[in-house]
Amino acid sequence: MEEVIYLDHASTTPADPEVVSAMLPWLSEAFGNPSTVYSLGLTAAHAVQQARESIAGSIGAEPEEIYFTSGGTESDNWAILGTAEAQQKKGHHLITSSIEHHAVLESMEYLEKRGYEVTRVPVDGGGLVNPEEVRRAIRPDSILVSIMHANNEVGTIQPIAEIGRVTREAGVLFHVDAVQTAGKLPLDVKELGVDMLSMSAHKFYGPKGVGLMYLRKRTRITPLLHGGGQEKGRRAGTHNVPGIVGMAKALELAGARMGDDAVREAALRDRLWQGLEGVIESIYLNGDPLRRLPNNLNVRLDGIEGESMILMLDMEGFCVSSGSACTTGSLEPSHVLLALGIPAEHAHGSLRITLGRSTTADHIEKFIRVFPPIVARLREMSPIWCANCVCKQRT
Ligand code: PLP
């Protein structure tokens, strides 16, 4: 079988072999339920507590401020819906950005249908939120600001510490979706000034289906899941012990290699852009050219569809993503690219390439060789590509 070259690390990452080894005993011989009181259960409870302490230490939090969840989606939903319910007496207004993940946007829409008001602050052409826009959006009845740390499509990194200063001055709770930055950028919840922060293990070489929420002490929030009283009664459900142990291991490993990974991946990413930009006509960078994740390259190409590029790249063994199709399989252009001011027809021709630990210089050179002929072939067949007509002058 031809080698698969995986360039979709923003979507998910493979669990590190050390993570898998750390998890295995908790799936088999040490399978106890941490909520039980005999030694098998207490051993599991001890492992969960150790994971909590290790994770807390790596993000500047206290262990009791870490709540284990099933991943980024649950943490985002909990932060928004749980705050809305707990803060009802204060108000019904929430603030977010126009480029959040669907886990945030759909939770906001859910609340809007129930009478809450949501302000979506705009972003600039690179996808950056201006903290002053957040300040202007805050009202006496505002209860939560939710802004992501880095965007999952274009990789733009938001000025979270500055926004944190604004929310603190205004006395409004601040939630940050750090799903794309955990394990990639240093995170300190105190320096960032956040009250809640979401993370998901499968984005940093940990297992799928496990994540966490950092919840600053004394933050009022109602539970999303009700049941057995785990996590101090705030998040019910038997602990995913192997997942939690694996997530802590993955974060520890990511912390140790973060700087080296970032430098290596950014250099490969820059070589990729330079190689493509040099030979492909009408190719543009999406997102902020400087304030972005080290492993993210998001480009748009005139005259072709993202989906057709993905399928042809797949035939050459490459896994990449499009910025245009949403998870439901609809062909709506990406809300992120539209919010950046990219016209719908250009947003459709976008491709997200996200590098990772397994990416080598050979993979990048192969991509630079393989991709331009694919673009040429698709443009030959394209009814909307014409070498010298207006579509070239639109950008
Ligand atoms: N938030 C962001 C920014 C993401 O990129 C993702 C996953 O793609 C999520 C939330 C959802 O995380 P999970 O897959 O753990 O539910």
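The values are calculated or read from the model by the stated rules, or taken from the named source; none is laboratory data. None of the values given here were measured: they were computed from a predicted structure. Every residue, glycine as well, gets a Cβ built from its backbone with ideal geometry; the counts of neighbours run over all protein chains shown.
Here 21, 11 are screened, and the one residue that is part of a helix (DSSP H, G or I), more than 18 Å from residue 235 (Cβ to Cβ) and not charged (D, E, K, R) is 21. Within region 172-195, restricting attention to residues that are among the β-branched types (Val, Ile, Thr) and closer than 23 Å to residue 357 by Cα, the residue that is farthest from the ligand (Cβ to nearest atom) is 181.
The set of residues in region 153-171 that are touching a helix residue (DSSP H, G or I) at 6+ places or on another chain (Cβ under 8 Å), outside any helix (DSSP H, G or I) and within 16 Å of the ligand (Cβ to nearest atom) comprises 153, 154.
Could you list all residues from region 190-230 that are among the aliphatic types (A, V, I, L, M), over 14 Å from residue 148 (Cβ atoms) and either under 17 Å from the mean Cα position of the chain (by Cα) or at pLDDT below 95 (or both)?
Residues satisfying the conditions are 201, 210, 212, 213.
Evaluated against (1) in contact with a strand residue (DSSP E or B) (Cβ under 7 Å, 6 or more places away or on another chain); (2) under 15 Å from residue 241 (Cβ atoms), residue 36 falls short on exactly one condition, (1).
If you go through region 196-213 and keep only what is within 8 Å of the ligand (Cβ to nearest atom) and either assigned to a strand (DSSP E or B) or without any contact (Cβ under 8 Å) to a residue 24 or more places away in the chain (or both), you end up with 198, 200, 211.
On the stretch given as region 36-70, residues that are within 16 Å of the ligand (Cβ to nearest atom) and either acidic (Asp, Glu) or closer than 18 Å to residue 227 by Cβ (or both) total 4. Can you tell me which residue among 115, 91 is in contact with a Pro (Cβ under 8 Å, 6 or more places away or on another chain), under 28 Å from residue 226 (Cβ atoms) and either of a type in the set (Lys, Arg) or away from the ligand (no atom under 16 Å from the Cβ) (or both)? Exactly one residue qualifies, and that residue is 91.
Please verify whether residue 75 is in contact with a helix residue (DSSP H, G or I) (Cβ under 7 Å, 6 or more places away or on another chain), not aliphatic (A, V, I, L, M) and not in a strand (DSSP E or B), treating the condition exactly as stated.
no
When each of 357, 369, 352 is tested for being in a helix (DSSP H, G or I) and at pLDDT 85 or above, the lone residue that passes is 369.
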